[in-house]
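Asks: Quick one: the structure is below, and I'll ask about it shortly.
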Amino acid sequence: MSLTLSDDHKDRLALLLTQDISVIHEFCRLAGLFLQQEVNPRVFSSAANKLGVQPSQIEEAIQALVFLLNQSARTSVSKEEFKKLVASLGFSNDAADVLTNTYVENDLQLKEYLKRMGVQVPLYQNLEWRFDILVGSRALHHIAEPLVTLQLTLEKASLTDVSDTNSEIQITNSNNKVERFLLQTDPNNLLHMTAVLEEALHESRTHHSRRVHRHLK
């Protein structure tokens, strides 16, 4: 296990070390909500009043917990390794169980969160093409100029809107945005683009590229 936390993150998590299990459960719930969208600031104030601390301390503790979950998912920390990690931070056995269950239960949300925090790449949806030949013009009566027209359709997923009302999570899914691009080129340029894309695809399969990809996952 290669995951380590800075002293700053440990200090922010220290607020949770002395709390009851019910409070740990609530922080885990808010962390799960934070993975989908930032928590309403009023939630921080409400929790701060109950615990007798500043709202900024609540927010920092949740952010530190989310960071712990994200980094664990990014480095593929196992369930057993995660429990050992939180136990080494000073959490009780019961609190470590709650945190570990949160890590396991939010596996899909963590992966989606990491994707959203990375580069947003549109998804391929469709490609339509047409082949035309210009056989004459006013200036030139006998020519043969081929052209390829492409219509590329890409899909850009909208983020899910999440709100916290009366301690219940409400989720609203927006429709995905579809964009169409009209491209026109001659066969020589199309062959060149094809060669460049094939070269990039070949490079992505090399040992070096796979090693970089595993490091970034």
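Asks: Under a point spin-label approximation (7 Å from Cα along Cα-to-Cβ), what is the R29-F181 distance to one decimal in nm?
Replies: About 4.5 nm, to one decimal.
Asks: Using heavy-atom solvent-accessible surface (probe 1.4 Å) with all chains present, what is the largest-first order of I133, I24?
Replies: I133, I24
Asks: With labels modelled as points extended 7 Å from the Cα through the Cβ direction, what inter-label distance (nm, one decimal) is found for E105 paired with F67?
Replies: The answer from the label model is 2.5 nm.
Asks: In the range 1-159, if the dipole is taken from +1 on Lys/Arg beta carbons and -1 on Asp/Glu beta carbons about the Cα centre, which of A96, L15, T4 is farthest to the positive end?
Replies: Of the candidates, T4 comes out farthest on the positive side.
Asks: Add +1 for every Lys or Arg and -1 for every Asp or Glu among the other residues with Cβ under 12 Å from the Cβ of P187, and state the total.
Replies: Net local charge, P187 excluded: -3.
Asks: Here's another thing I want to ask about it. Quick one: net charge of E26's neighbours, Cβ under 10 Å, K/R +1, D/E -1?
Replies: Value of the local net charge: +1.
Asks: Convert each backbone phi in the range 85-99 into a coupling constant with the Karplus relation 6.51 cos²θ - 1.76 cosθ + 1.60 (shift: θ = phi - 60°), then list the ³J(HN,Hα) values in order as whole Hz, x for Gly and Pro.
Replies: 5, 5, 5, 5, 7, x, 6, 5, 4, 5, 5, 5, 5, 5, 5
Asks: Do any of K10/K84; K79/K156; K50/K79 go past 23 Å between their Cα atoms, and which?
Replies: K79/K156; K50/K79
Asks: Could you work out what % of the accessible surface of the range 1-153 is carbon and sulfur, using a 1.4 angstrom probe and leaving DNA, RNA and ligands out of the count?
Replies: 52 percent
Asks: Which listed residue (V86, A61, F44) has the Cα farthest towards the positive end of the charge dipole for the range 23-86, taking +1 on Lys and Arg C-beta and -1 on Asp and Glu C-beta about the Cα centre?
Replies: V86
Asks: So if we plug the beta-carbon distance of D11 and N189 into 1/(1 + (r/R0)^6) with R0 = 45 Å, what FRET efficiency do we get, rounded to 0.05?
Replies: The pair D11/N189 has a calculated efficiency of 0.20.
The values are calculated or read from the model by the stated rules, or taken from the named source; none is laboratory data. Just so it is clear, the structure is predicted and the values come from calculations on it, not from any experiment. Note: ideal-geometry Cβ built from the backbone for every residue, glycine included; neighbour counts use all protein chains shown. Accessible surface areas use protein heavy atoms only, side chains included; no ligands, DNA or RNA. Shrake-Rupley method; radii C 1.70, N 1.55, O 1.52, S 1.80 Å.
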